[in-house]
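Shown next, in structure tokens, is the structure this report addresses.
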Amino acid sequence: MADVTTLEQHRCFDGVQGFYEHASSEIGLPMRFGVYLPPQAQQGPCPVLLCLAGLTCNEQTFAIKAGAQQHAAKHGLVLVTPDTSPRGTGAPDADADWDFGHGAGFYLDATREPYARHFRMESWLMQELPQVLQEHFPVQMDRAGVLGHSMGGHGALTLALRHPGRFRSVSAFAPICAPTEVPWGQKAFGGYLEGDPSTWAAHDAVKLLGRGARVPALLVDQGLEDQFLATQLRPERLEQACAAAGQPLTLRRHAGYDHGYFFIQSFIAEHVAHHAKALAG
């Protein structure tokens, strides 16, 4: 059994919000993650909602800012908030920019050096972390959903598309929908992935849908005052790809809302309910 170190725990809506660390064999470094256990977890294992945060964030950001615990407590869902990248990798440019490197792992396994050694976020999230959670927490990993924001929305979409059957429910706030077509994605993929840009399609939700990948019905919310909407997010590309593929999608556009956590707080109850319905039974 892998060791898990408890960093802190707090009573929250009659459950427990904790933050933890373990020595990751996939990453080769310590990795941190948060777990919210609802009060129902005192009686037995509960379904899991994996919550992926965006650029510059860490394992505490979503847990502290989104306001999701009260809704998870209502529905009996465990919330898992992983860090957004490995830390202390020693890669020379990992701290040079806010949108690449530490805090910007893009939820993939890097293949280009010097990042390939430690930036193995997909393998950590899809292989190692579920085992750690199963060993140490009252979770039902066969009843899991995934939610993400911005870069984490990209992660939620692509991980679900790349691993069919792993998640019973998927949703996103302001996701990077077509990363191969926008500066954030091009910078990340060019830095993390070997080969020519044609290989990047394997981590692009729009391209994956075009290749035949499918997921459960998607819920996506997008603020219309989001400063990154036109240049980085491109929700219309996801809308087009889902329509062409016959992929069920509810894309809601909200006047007046920007990219931040006040937007997420405003609609998080509906996202948690979306996942709870799919994970019930």
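The values are calculated or read from the model by the stated rules, or taken from the named source; none is laboratory data. On a predicted model such as this, the values are computed, not experimentally measured, just so you know. Neighbour counts run over all protein chains shown; Cβ positions are idealised from the backbone, glycine included. Please note that ligands, DNA and RNA were not included when accessible areas were found on the heavy atoms of the full protein model with its side chains. Shrake-Rupley method; radii C 1.70, N 1.55, O 1.52, S 1.80 Å.
Residue by residue through region 210-258, note down the ones that are of a type in the set (S, T, N, Q) and buried (at least 20 other Cβ atoms within 10 Å of the Cβ).
First, the residues of region 210-258 that are of a type in the set (S, T, N, Q): 222, 227, 231-232, 240, 247, 250.
Gln222, Gln232 - these are the residues of region 210-258 that are of a type in the set (S, T, N, Q) and buried (at least 20 other Cβ atoms within 10 Å of the Cβ).
Could you check region 143-187 and list, in sequence order, the residues that are without any contact (Cβ under 8 Å) to a residue 24 or more places away in the chain and crowded, with 21+ Cβ neighbours inside 10 Å?
none
Of all residues in region 243-266, those satisfying the criterion of being under 21 Å from Ala144 (Cβ atoms) and outside any strand (DSSP E or B) are Gln247, Pro248, Ile264. Filtering region 259-274 to residues that are in contact (Cβ under 8 Å) with a residue 24 or more places away in the chain and surrounded by fewer than 16 Cβ atoms within 10 Å (Cβ to Cβ) leaves Gln265, Ala269, Glu270, Ala273. Looking across region 10-44, the residues that are open to solvent by 50 Å² or more (accessible area, probe 1.4 Å) and more than 22 Å from the chain's Cα centre (by Cα) come down to His10, Arg11, Phe13, Asp14, Gln40, Gln42, Gln43.
Residues that are in contact (Cβ under 8 Å) with a residue 12 or more places away in the chain, part of a loop (DSSP other than H, G, I, E, B) and out of contact with any Leu (no Cβ under 7 Å at 6 or more places or on another chain) within region 95-109 comprise His102, Gly105, Phe106, Leu108, listed in sequence order.
Regarding region 124-142, can at least one residue be identified that is closer than 22 Å to Ile176 by Cα, modelled with pLDDT of 95 or more and open to solvent by 20 Å² or more (accessible area, probe 1.4 Å)? Quick ask: steps written out before the conclusion?
First pass over region 124-142, keeping only residues closer than 22 Å to Ile176 by Cα: 124-126.
Of the ones still in play, those that are also modelled with pLDDT of 95 or more are 124-126.
Going one step further and asking which of them are open to solvent by 20 Å² or more (accessible area, probe 1.4 Å), we end up with none.
Within region 124-142, none of the residues are closer than 22 Å to Ile176 by Cα, modelled with pLDDT of 95 or more and open to solvent by 20 Å² or more (accessible area, probe 1.4 Å).
The residue that is nearest to Leu129 (Cα to Cα), counting only those in region 78-105 that are among the charged types (D, E, K, R) and open to solvent by 10 Å² or more (accessible area, probe 1.4 Å), is Arg87. Listed by position, the strands (runs of 3 or more DSSP E) inside region 115-224 whose residues that are within 17 Å of the chain's Cα centre (by Cα) and among the polar types (S, T, N, Q) number at least 1 are 169-173, 218-223.
Residue pairs whose Cβ atoms lie under 9 Å apart, sitting 6 or more positions apart in sequence or on different chains, and linking a residue in region 191-211 that is in contact (Cβ under 8 Å) with a residue 24 or more places away in the chain and farther than 14 Å from Gly155 by Cα to a partner that is open to solvent by 20 Å² or more (accessible area, probe 1.4 Å) and basic (Lys, Arg), are Gly191/Arg112; Tyr192/Arg112; Leu193/Arg112; Glu194/Arg112; Gly195/Arg112.
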